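First the structure, in the form of structure tokens, and then the observations on it.
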Amino acid sequence: MTSPSPWQLAARAEAMNPSAIREILKITERPGILNFAGGLPSPETFPVDAMRAACARVLAEGSPVARPSLQYAASEGLPELRQWVAAELGRQGARVAPDQVLITTGSQQGLDLLAKVLLDAGSRVLVETPTYLGALQAFAPMQPRFDSVTSDEGGITAQGLREQLQNGEHPRFVYLLPNFQNPSGRMQDEARRQQLIAVCREHGLPIVEDNPYGELWYDAPPPAPLLARWPEGVLYLGSFSKILAPGLRLGYVIAPRELYPKLLQAKQAADLHTPGFNQRVVAEVIRDGFLDRHVPTIRARYKVQRDAMLAALARELGPTGAEWTRPRGGMFIWLRLPAGLDAQALLPAAVDAGMAFVPGAPFFAGQPDPCTLRLSFVTSTPEQIDAGMAALGRVVRQAIL
């Protein structure tokens, strides 16, 4: 007989949930499963040679940064990297000073830090419909109240935002992914961005702008970031994961000056600093304009894969009445099954048929749409995409019968 546990969980721990995506990824480890579930960049895009050469230069005998790169580092981040981030946002029309940039251990840590700094139990947070599952996970331990705002193919709507602002406590912020959103792949156009900024300014509603996919455009770059339009009202998150390698765990937050000190204190309490070696290697890789040469190769690769999936979906699922987005960038297609079908219920049959997807329900902060699912196309070849969509088509057609 075991004795009772002496441990008592904090209330916030009860709000923590496992990642639905991570749980599904365990299924995809089975041999022969074509994986369209993970939001992982293609490893074929990782600049291994450039990273190897940068590591060698950082650690070269006599290098003035070899030992400092292995030492504790400043919590704010490497100055050269903060300067690069500020300059890059300047290229996009946002006036950012390096001392507004906080280097984080992935942009997911940025979500965690801002939740700790900005949210109390019961605080209202407005989110898109659907929204990024990882943000919901990061915010949930602070026990906020999530309210989903009406959204369409262009993202969150200004009218939906106004309606939410007329009801209840003033929200702490609205969380947005304007560029090629995870999970839907949709993008806010210029007109929509202007409308949203106008509403948020009018009501004093802060914006958390999350932009991990903005550089992954296929035909034309997205409009200027929300940060460029209202710098004092926007907290901006970015990442090196999708344009270099996610294993580096390197992201950043650009914060209004009044928020920066508290975010820095939360960062110090969390992990003191993001690994200095990783920061120096990345700074070495990108210092000569490497990303201007490298990122277009990622775009070209992903565009071929997106086109392959769109063609396969039209062929295999078009006749079923399913609908899906046609993203102009990013990594995801959002699909809505014919009415009456449940993506979660179909997943076991899809796995048995040799493919996996992510059911859409976990991406909804409010009432989920059980007909929805997310497909990632960037880690599969066109041939694998054809085979996977054919398998999905067979499963859907069988479910309709």
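The values are calculated or read from the model by the stated rules, or taken from the named source; none is laboratory data. Please read all numbers here as calculations on a predicted model, not as lab measurements. Here the Cβ positions follow ideal geometry from the backbone for every residue, glycine too, while neighbour counts run over all protein chains shown.
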Inset, instruction - Give the number of residues within the stretch 146-191 that are more than 20 Å from residue 133 (Cβ to Cβ), polar (S, T, N, Q) and outside any loop (DSSP other than H, G, I, E, B). - result: 2
Inset, instruction - Scan the stretch 307-342 residue by residue and report those that are under 22 Å from the mean Cα position of the chain (by Cα) and part of a helix (DSSP H, G or I). - result: 307, 309, 310
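Residue-by-condition table, conditions (1) over 14 Å from residue 238 (Cβ atoms); (2) among the polar types (S, T, N, Q); (3) touching a strand residue (DSSP E or B) at 6+ places or on another chain (Cβ under 7 Å); (4) in a loop (DSSP other than H, G, I, E, B):
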| site | (1), (2), (3), (4) |
| --- | --- |
| 67 | yes, no, no, no |
| 81 | no, no, yes, no |
| 95 | yes, no, no, yes |
| 115 | yes, no, no, no |
| 131 | yes, yes, yes, yes |
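Anything in the stretch 103-145 that is over 30 Å from residue 77 (Cβ atoms) and not charged (D, E, K, R)? List them, or say none. It would help to see each step written out before you state the result.
First, the residues of the stretch 103-145 that are over 30 Å from residue 77 (Cβ atoms): 121-122, 124, 129-130, 145.
Within the stretch 103-145, 121, 122, 129, 130 meet the criteria.
Taking the options 355, 389, name whichever one is farther than 21 Å from residue 127 by Cβ and either assigned by TED's automatic domain parsing to the domain that holds residue 174 or touching a Phe, Trp or Tyr at 6+ places or on another chain (Cβ under 7 Å) (or both).
On the way: 389 fails: either assigned by TED's automatic domain parsing to the domain that holds residue 174 or touching a Phe, Trp or Tyr at 6+ places or on another chain (Cβ under 7 Å) (or both).
It is 355.
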Inset, instruction - Can you give me the number of residues within the stretch 346-383 that are buried (at least 18 other Cβ atoms within 10 Å of the Cβ), more than 21 Å from the chain's Cα centre (by Cα) and closer than 16 Å to residue 37 by Cβ? - result: 6
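For the stretch 300-319, which positions are of a type outside the set (A, V, I, L, M, F, W, C) and surrounded by fewer than 16 Cβ atoms within 10 Å (Cβ to Cβ)? Let's see the steps before the verdict.
As a first pass, look at the stretch 300-319 and keep what is of a type outside the set (A, V, I, L, M, F, W, C): 301-303, 305-307, 315-316, 318-319.
Result: 301, 307, 315, 318, 319.
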Legend entry - Test for residue 124: is it closer than 30 Å to residue 208 by Cα and touching a Pro at 6+ places or on another chain (Cβ under 7 Å): yes
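Considering 85, 101, which residue is in contact with a Pro (Cβ under 8 Å, 6 or more places away or on another chain) and crowded, with 22+ Cβ neighbours inside 10 Å? Can you show your working first?
Values: 101 fails: in contact with a Pro (Cβ under 8 Å, 6 or more places away or on another chain).
Selected residue: 85, the only one of 85, 101 that is in contact with a Pro (Cβ under 8 Å, 6 or more places away or on another chain) and crowded, with 22+ Cβ neighbours inside 10 Å.
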Inset, instruction - Could you list, in sequence order, all residues of the stretch 51-65 that are aliphatic (A, V, I, L, M) and in a loop (DSSP other than H, G, I, E, B)? - result: 59, 60, 65
Legend entry - Verdict on residue 230 being closer than 19 Å to residue 258 by Cβ and either surrounded by fewer than 22 Cβ atoms within 10 Å (Cβ to Cβ) or modelled with pLDDT under 95 (or both): yes
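Only one of 292, 271 is within 21 Å of residue 118 (Cα to Cα), more than 21 Å from the chain's Cα centre (by Cα) and modelled with pLDDT of 95 or more. Can you tell me which?
Numbers: 292 fails: within 21 Å of residue 118 (Cα to Cα).
Just one listed residue meets the conditions, 271.
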